[in-house]
Ligand SMILES: [Zn+2]
């Protein structure tokens with residue numbers, strides 16, 4: 001089962017990336033370091049629905 005999720009910047013809260021996650025990954029929240037164009041730097045992005 002595949003569902004869609006967004007990755008939101010934990011600094012400014014903007015949703016910058018859309019990802020697909022498989023069902024067996026849902027137990028732990030995904031956190032990735034990605035570039036945020038609003039912050040102008042790499043920040044930690046976490047999964048939101
Ligand atoms: Zn940001």
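Any read-out appearing in this document is the output of simple, stated calculations on the displayed coordinates, not a laboratory observation. This structure is a prediction, so every number in the text was calculated from the model and none was measured. We place every Cβ from the backbone using ideal geometry, glycine too, and count neighbours over all the protein chains shown.
Structural remarks
- Largest-first principal axis extents of the Cα set of the stretch 2-48 (Å): 33, 15, 13
- When each of 31, 47 is scored by the number of other beta-carbon atoms lying within 10 Å, the sequence from fewest to most is 31, 47.
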